Amino acid sequence: RLLMWFDAEANFQRFSSTDSIDFYLKKIKALGFTDAVVDVRPITGEVLFDSPHAPKMKEWHGYTRPNFDYLGHFIRTAHKLGIKVQASLNIFVAGHNYFDRGLVYTSHPEWASTVYTPQGMKSIMDQKEKYSAMVNPIDPTFRTHILNVLSDLVRKYPALDGIMLDRVRYDGIEADFSEMSHKAFEQYIHQKVEHFPTDIMTWEKDNEGKYHATAGKLFKEWIEWRTKNIYDFMAQARKTVKAINPKLS
C-alpha cells in the first residue's frame, strides 16, 4: 500500500474544483499510489463535508470554495481509477493558534487544553509557538461532539474505504492539567493528589538555561491514566464507526 496525503488547509484552493481533483488522482495513480488520504477535519475543528454537528470550512486565507461534494467526488473518481480513499480527521484539536481560528476560539473555549509550562498554567490558546490548539481528551462534551462528527461522516459516505485518525493524543507532557483532569486522575488512583501538579512533574532548568520535565512521585500513574484515556476513546470510536459500517477499516 502506498498512500498519498491530501491536506485540507494547504490544498484548499488547489482542490476547489472537480477537474483539479481528477487531475491529481490520475497523477498519483500513474505514480503507483494505491490510496488517497483525504483530510476532512483540519486542526480548526471545521469539516470538509456537510455535518449538522460541525461547521463546514467554506473559506481559507480569503479564498471561498465553490459548494460541491468534495469528499464524494474524491471517492467516485478514485474508485474509477482503482484507488482507495481514506478520510482523515484530526481528533483532539479544535483550533489553529497561528490564526486564532476554530471551535475553541468561537463556540467552545472550555475545550482547550490547560498546559503546565515552566511559566505556570495557561490555556494552550496562549501558546502561540504551537499551531495546534489541542483539547482535553477526557472532556465529555468534546467526546460526544467528535463521535457525532465521525458518525455523520460514516453515514454520509458508505463507499468510503477507511478512516485515519490524527492527533489522537495529548499535547505532549505539558497537557492536560485542567481541574477536570485533576479530579478525574484522583478518582482513577483513589486518593487525593496533595500537591498538584508537582506530585506529577516539575520543571527544572539546566546549566544552559533549558527547562526539562522531572517526574514526581505520581508520574507513572499519571502516564498510565493518560494512556488508558486514549485507549478507551479509540475503542469507543471503533465501536461507533463499526455499528454504522462494519466493513469500514
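The values are calculated or read from the model by the stated rules, or taken from the named source; none is laboratory data. It should be emphasised that the depicted structure is a prediction, and the values quoted were computed from it without experimental measurement. Here the Cβ positions follow ideal geometry from the backbone for every residue, glycine too, while neighbour counts run over all protein chains shown. We work out accessible area using only protein heavy atoms, side chains counted, and drop any ligands, DNA or RNA first. Shrake-Rupley method; radii C 1.70, N 1.55, O 1.52, S 1.80 Å.
Picking from Lys192, Lys183, which residue would you name as being open to solvent by 30 Å² or more (accessible area, probe 1.4 Å), more than 20 Å from the chain's Cα centre (by Cα) and closer than 30 Å to Asn97 by Cβ?
On the way: Lys192 fails: closer than 30 Å to Asn97 by Cβ.
Exactly one residue qualifies, and that residue is Lys183.
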* Under the condition of being β-branched (Val, Ile, Thr), touching a residue at least 60 places away in the same chain (Cβ under 8 Å) and open to solvent by 20 Å² or more (accessible area, probe 1.4 Å), which residue from the range 128-180 is farthest from Ser51 (Cα to Cα)? -> Ile138
* Six or more apart or on different chains, Cβ under 8 Å: which pairs go from a residue in the range 32-52 that's closer than 14 Å to Arg155 by Cβ to one that's open to solvent by 20 Å² or more (accessible area, probe 1.4 Å) and assigned to a strand (DSSP E or B)? Could you list them? => Val47/Lys56; Phe49/Lys56; Asp50/Lys56
* To do: Tell me which residues, restricted to the range 24-68, are loosely packed, with under 13 Cβ neighbours inside 10 Å, hydrophobic (A, V, I, L, M, F, W, C) and part of a helix (DSSP H, G or I).
  => Ala30
* Give just the number: which of (1) in a loop (DSSP other than H, G, I, E, B); (2) in contact with a helix residue (DSSP H, G or I) (Cβ under 7 Å, 6 or more places away or on another chain); (3) of a type in the set (Asp, Glu) does Asp199 not satisfy? => (2)
* **Output for the range 76-101, where each listed residue is open to solvent by 10 Å² or more (accessible area, probe 1.4 Å) and either among the aliphatic types (A, V, I, L, M) or modelled with pLDDT under 95 (or both)** => Leu81
